[in-house]
Every structure is written in C-alpha cells, then in structure tokens.
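Down below is the structure, laid out as structure tokens.
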Amino acid sequence: MSDARTTIPIGRIDIHSHALPAIDDGCESIEETIEALTAVQGAGFVGSICTPHMASEVYPTITPQHVGVWVDQLRQQLHQRGLNYHLWAGGELRLFEGSIDWMKQNGVPTLADSRCVLLDFWVTRWARWINKTFTWLMSEGYQPIWAHPERMNFDDRKFEKYVRDMAREGVLLQGNFQCMTGEAGYHADQRIRRWLDEGLYSFLAMDMHRPLGLEGRLDGITMVETEYGRTALDTLTRDNPRRLIFGL
Ligand SMILES: [Fe+2]
C-alpha cells in the first residue's frame, strides 16, 4: 500500500467536479468553491478530482498542464482556509472530430495520474470518429470513462445499443446524481435507473458546478441509497474511485 493511500481517509471520492474557481462554467470564485466543497464534504466525500471542460471551443486554454498548476493553487487555498479536503487533477475532455490531434498536442488529461480519462461528447447522430477516438485511447493504454451518457440528447432509437456496445468494448460509464432527481429530464431519469438496474455504471459522481443547483445533486445521493442500497452507493462512489486513484 502506497503512503498516499494510507493518508487518504476512507470515504467517497467525487471523480467529476468543476470545483476550480473561475476556470470554466463551474465555481466562479474561491468563496463558491469553499461553499460547494464544504457541502459535498458534508455528504461524505473526502476528496474530488477537478475535471474542468477541455478541448471545448469555449475554453481553449484549459489544458492538462494548466490544470495541474491550478489544482496545486486550490489545494493551498483550501489548506489556508482550514478545509481538510483532498484534490486531484483531471479533466472532462469534450470529444470532437479532432480530439486525437488535440491530445497529441496537449497531452491526455488523465484522472489523478491514473490511466483513466473522463470524457463527454454531444452529438445527435452517432459518428465514426467517436469509436475511433475511444479505440485510439485504449490502444495507447488509457481507460476511457464516458461521463453521464444518460444525459445525451440523442434521437436515434439505437442510442441505448451504442451505449451497451461501448460498455462491452471496455468503456466505463459514469452517471450523474442529478439525473436521479428528474432535473436533467425524463430520458436521463429513466436511463440512469435502467442502467443502474443492469449494473452498467462503474461510477456515480456529482458533476458539481456551483453551490447553486447543488441541492438536487445531493438529493440524488439519497435517492440512490434508498432505491439501490448503501452497498451499491459505496461501490460507485467510494470503492471504485479509490481503485481508480490507487490502481485500476
Ligand atoms: Fe462536467
């Protein structure tokens, strides 16, 4: 067991968080970050992986190199303010047709120095470059994690088949607690329950943005515990994230 592992208390770890202040559409100030992380800590989380949007046209300067520096700064700020909460660097890679070139140029945004890569994409029709990017990542030894596939606004009836195909090919799925509450729409609400029933998810996460709107995401935790039990909740928010950070 590594030294790092023994110093991180057993608890939930949020693998998807927009906690870095004033970087993307997440927390807008250090005060918001402190408020949001304090609330998340109150729900049993001991740390978060900071995953700002990457490779998005909206945030072209967010790169793995920069995120490492920002996370170090935020760690110091939390320490100065007496908040004992762990942070790791990561990213939420927004896939697009040129993602492979982007990663070759900027580096692959892994989660907490693991081989795992959190990614999302928004299309209304499935495209071949999606499979190509997943295949390239896996051939390079990375483990793709598809963030909140249940939220995808996809009007093709084959969508659920694509999700199952990707899972069968080794892509891990991360669901959002918010989708349990209906706040993310009917389809997300139905899909997350169906896929939890089927055991398709490896992780559930907060995808926390700002203190505003956090309440529903926290309610989602209670719903998962009520509907699927404490053991399932612990596996998806405590055991699997810990395995990701300390060796998946
Ligand atoms: Fe996100």
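Please treat every number below as a calculation from the coordinates, not as lab data. Because the structure is predicted, anything quoted here is derived from the model rather than measured. Glycine gets a Cβ as well: all are built from the backbone with ideal geometry, and neighbour counts include every protein chain shown.
Comparing Gly107, Gly216, Gly26 in a Gaussian network model of the chain, where Cα atoms under 10 Å apart are tied by springs, the biggest mean-square fluctuation is seen for Gly107. Close amide H contacts of Leu173 (hydrogens built in the peptide plane, cut-off under 5 Å, sequence separation of 5 or more or a different chain): Trp146, Ser202, Phe203. Residues whose amide H falls under 5 Å from that of His86, counting only those 5 or more places apart or on a different chain, are Gly47, Ser48, with hydrogens built in the peptide plane. What separates the Cα centres of the stretch 23-92 and the stretch 177-234 is a distance of 21 Å. Couplings 3J(HN,Hα) of the stretch 134-146, computed from phi: 4, 5, 4, 4, 5, 5, 8, x, 8, 10, x, 10, 7 Hz, in residue order, whole Hz [Karplus 6.51 cos²θ - 1.76 cosθ + 1.60, θ = phi - 60°; x for Gly and Pro]. Under 5 Å between amide hydrogens, built in the peptide plane, is the criterion, and for Met208 it picks out His18 among residues at least 5 positions away or on other chains.
Taken about its Cα centre, the chain carries a charge dipole of roughly 700 debye when the Cβ of each Lys and Arg holds +1 and the Cβ of each Asp and Glu holds -1. Straight-line reach from Lys158: taking Cα to Cα under 16 Å and skipping same-chain neighbours fewer than 8 places apart, the aspartates and glutamates in range are Glu150. Less than 26 Å apart at the alpha-carbon level, and either on another chain or at least 8 residues along: which lysines does that give for Lys104? The qualifying lysines are Lys132.
Neighbour counts of C-beta atoms inside 10 Å place Ile145, Ile15 in the sequence Ile145, Ile15, starting with the fewest.
Note on the chain: helix-only mean residue ellipticity at 222 nm, from DSSP H runs of 4+ residues weighted -39500 (n - 2.57) and normalised by residue number, equals -12500 deg cm²/dmol. Rounded to the nearest Hz, the phi-derived 3J(HN,Hα) couplings of the stretch 147-163 under the Karplus curve 6.51 cos²θ - 1.76 cosθ + 1.60 (θ = phi - 60°) are 6, 5, x, 5, 7, 4, 8, 10, 9, 8, 5, 7, 3, 5, 5, 4, 4, where x marks glycine and proline.
Overall size of the chain from C-alpha positions, given as principal axis extents largest first: 50, 44, 37 Å. Averaging the sequence gap over all C-alpha pairs within less than 8 Å and six or more residues apart, then dividing by the number of residues, gives the stretch 3-247 a relative contact order of 21 percent. The HN-Hα couplings worked out from phi for the stretch 53-67 by the Karplus form 6.51 cos²θ - 1.76 cosθ + 1.60 (θ = phi - 60°) are 4, 10, 6, 8, 4, 6, 10, x, 8, 7, 10, x, 4, 5, 4 Hz, whole numbers, x standing for Gly and Pro.
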